[in-house]
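Engineer: One structure, pasted below without further comment.
The values are calculated or read from the model by the stated rules, or taken from the named source; none is laboratory data. Because the structure is a prediction, the values reported are computed rather than measured. Cβ atoms come from the backbone with ideal geometry, glycine included; neighbour counts cover every protein chain shown.
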Amino acid sequence: MTRILIVDDDMFFRKVITKLLMGHGYDITAAESGEEALEVLKTNTFDLMISDVNMTPMDGMEVLQKSREAYPDMGVIMLTGH
């Protein structure tokens, strides 16, 4: 089963995308911040990370950079509403 990490500080988006992807059979873990995502990545592996770009205090680009260093084979999709 494909494992996906959703990273977004918008609770509504996290819930909607989690429900949608779970309905298609994906194993989903959601994190509400970049910091939380990096903590989750320390103990779990994922096939894909979907992350918002605009978050605070750690933005999505910083999450991308740090996750790429540790998990270069994980796919990444970056999203923004701006």
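Engineer: Please list, ordered by residue number, the helices (runs of 4 or more DSSP H) wholly in the chain having 2 or more residues that are in contact (Cβ under 8 Å) with a residue 60 or more places away in the chain, touching a Cys at 6+ places or on another chain (Cβ under 9 Å) and crowded, with 16+ Cβ neighbours inside 10 Å. Lay out the reasoning, then the answer.
Structural biologist: Working: elements: 11-23, 34-43, 60-70.
Hits in the chain: none.
Engineer: Among the residues of the range 36-56, is there at least one that is closer than 17 Å to Tyr71 by Cα, over 11 Å from the mean Cα position of the chain (by Cα), at pLDDT 95 or above and of a type in the set (Asp, Glu)?
Structural biologist: Yes, because at least one residue in the range 36-56 is closer than 17 Å to Tyr71 by Cα, over 11 Å from the mean Cα position of the chain (by Cα), at pLDDT 95 or above and of a type in the set (Asp, Glu).
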